[in-house]
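What follows is a structure written as structure tokens; I'll ask about it next.
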Amino acid sequence: MNLVAIRTIYRFEMARMRRTLLQSVVSPVISTSLYFVVFGAAIGSRITEIDGVSYGAFIVPGLIMLMLFTQSLSNASFGIYFPRFVGTIYEILSAPVSYLEIVIAYVGAAATKSIILGLIILATASLFVPLHIEHPVWMLVFLVLTAVTFSLFGFIIGIWAENFEQLQLVPLLIVTPLAFLGGTFYSIEMLPPVWQQISLANPVVYLVSGFRWSFYDMSDVSFGVSLAMTLVFLAIGLAIVAWIFRSGYKLKQ
């Protein structure tokens, strides 16, 4: 394992976060805080509690997950797309660095950025509503697993995309709608029975449900199922990345 190469790529990607602090940290935190204020104030005045949890506190895990999805995808996709765009990816591919080490560095950096943002937003939310985390260890486990999983998918998007428009296509048209329909701002038990069953086909439901369980010991889907589905999504991402490097998809052109 070439730890020097991993550390070099990782530190370069983390340095980009420091150089673009307003865009990378301040903007997502402000955007998520606005969601919290608007939804918590507007809807929270009409929905006081959900299963004994105040609505303002109820949406905190969902908002953190929403940010985690979008930022993990964005950081990882741009991190690998830009070297492809300027041509420096071939210098990395020709260096004595394995595919595994490249993935660890890029995905690790993107996941680290998302986890930092998630913790910042968690601290920010605690200023608005009283929070109590029932299972802090599992909260961190879901936070890390989700960040790594979506960073992997972002890495895949960054390799697949041919231009900046395609880079934003999947997050805007697929991930964001799934996040909003995946129980971010509500419990799927509030839906009619038919829509509850349809919602179970949305992978985001399992991620949000498991993460919310770690806070309030309540979920739309059992904790075991949520954890298992999260690991399945992670395995799918790893399998796709392995195929990309094995086949040289869009890397050997």
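If you take the residues of segment 2-19 that are modelled with pLDDT of 80 or more and either in contact with a strand residue (DSSP E or B) (Cβ under 6 Å, 6 or more places away or on another chain) or farther than 21 Å from GLN71 by Cα (or both), which of them is surrounded by the most Cβ atoms within 10 Å (Cβ to Cβ)?
Among those that are modelled with pLDDT of 80 or more and either in contact with a strand residue (DSSP E or B) (Cβ under 6 Å, 6 or more places away or on another chain) or farther than 21 Å from GLN71 by Cα (or both), it is ILE6.
In this structure, does THR70 turn out to be closer than 21 Å to GLU165 by Cα, of a type in the set (Val, Ile, Thr) and at pLDDT 80 or above?
Criteria met by THR70.
Go through (1) assigned to a helix (DSSP H, G or I); (2) at pLDDT below 85 for VAL97 and report which single condition fails.
In the conditions (1) assigned to a helix (DSSP H, G or I); (2) at pLDDT below 85, VAL97 misses (1) alone.
Kindly check whether there is at least one residue in segment 21-35 that is surrounded by 17 or more Cβ atoms within 10 Å (Cβ to Cβ), among the aliphatic types (A, V, I, L, M), farther than 17 Å from PHE211 by Cβ and out of contact with any Gly (no Cβ under 6 Å at 6 or more places or on another chain).
The answer is yes, given that some residue of segment 21-35 is surrounded by 17 or more Cβ atoms within 10 Å (Cβ to Cβ), among the aliphatic types (A, V, I, L, M), farther than 17 Å from PHE211 by Cβ and out of contact with any Gly (no Cβ under 6 Å at 6 or more places or on another chain).
Then there is this: For segment 220-251, enumerate the residues that are under 18 Å from LEU100 (Cβ atoms), in contact (Cβ under 8 Å) with a residue 12 or more places away in the chain and either touching a strand residue (DSSP E or B) at 6+ places or on another chain (Cβ under 6 Å) or among the hydroxyl-bearing types (Ser, Thr, Tyr) (or both).
Matches in segment 220-251: TYR249 only.
Using the structure shown, decide if PHE215 is within 15 Å of the chain's Cα centre (by Cα), part of a helix (DSSP H, G or I) and of a type outside the set (A, V, I, L, M).
no
Still on this structure, I have one more. With respect to SER74, is the statement that it is closer than 23 Å to VAL241 by Cα, part of a helix (DSSP H, G or I), of a type in the set (Ser, Thr, Tyr) and out of contact with any Cys (no Cβ under 8 Å at 6 or more places or on another chain) true?
Yes.
Could you list all residues from segment 212-253 that are surrounded by 16 or more Cβ atoms within 10 Å (Cβ to Cβ), closer than 13 Å to ILE156 by Cα and β-branched (Val, Ile, Thr)?
ILE240, VAL241, ILE244
Considering only segment 1-42, how many residues are touching a residue at least 40 places away in the same chain (Cβ under 8 Å) and farther than 27 Å from SER98 by Cβ?
Within segment 1-42, residues that are touching a residue at least 40 places away in the same chain (Cβ under 8 Å) and farther than 27 Å from SER98 by Cβ number 10.
Among all residue pairs at least 6 apart or on different chains, which show Cβ distances below 7 Å where the first residue, located in segment 156-168, is within 16 Å of GLN71 (Cα to Cα) and the second is crowded, with 21+ Cβ neighbours inside 10 Å and of a type in the set (Ser, Thr, Tyr)?
ILE157/SER77; GLY158/SER77; GLY158/TYR81; LEU167/SER77; LEU167/TYR81
What residue, of SER199, SER209, is touching a residue at least 24 places away in the same chain (Cβ under 8 Å) and crowded, with 17+ Cβ neighbours inside 10 Å?
That would be SER209, the only listed residue that is touching a residue at least 24 places away in the same chain (Cβ under 8 Å) and crowded, with 17+ Cβ neighbours inside 10 Å.
So, in segment 184-196, how many residues would count as being surrounded by 15 or more Cβ atoms within 10 Å (Cβ to Cβ) and over 17 Å from MET139 (Cβ atoms)?
Residues that pass the stated criteria total 6.
Looking only at residues that are β-branched (Val, Ile, Thr) and surrounded by fewer than 18 Cβ atoms within 10 Å (Cβ to Cβ) in segment 127-176, which one is modelled with the lowest pLDDT?
Among residues in segment 127-176 that are β-branched (Val, Ile, Thr) and surrounded by fewer than 18 Cβ atoms within 10 Å (Cβ to Cβ), the one modelled with the lowest pLDDT is VAL129.
The values are calculated or read from the model by the stated rules, or taken from the named source; none is laboratory data. Bear in mind the structure is a predicted one, so any value in this text is a computation, not a measurement. Neighbour counts are summed over all protein chains in view; Cβ atoms, including those assigned to glycine, are modelled from backbone coordinates with ideal geometry.
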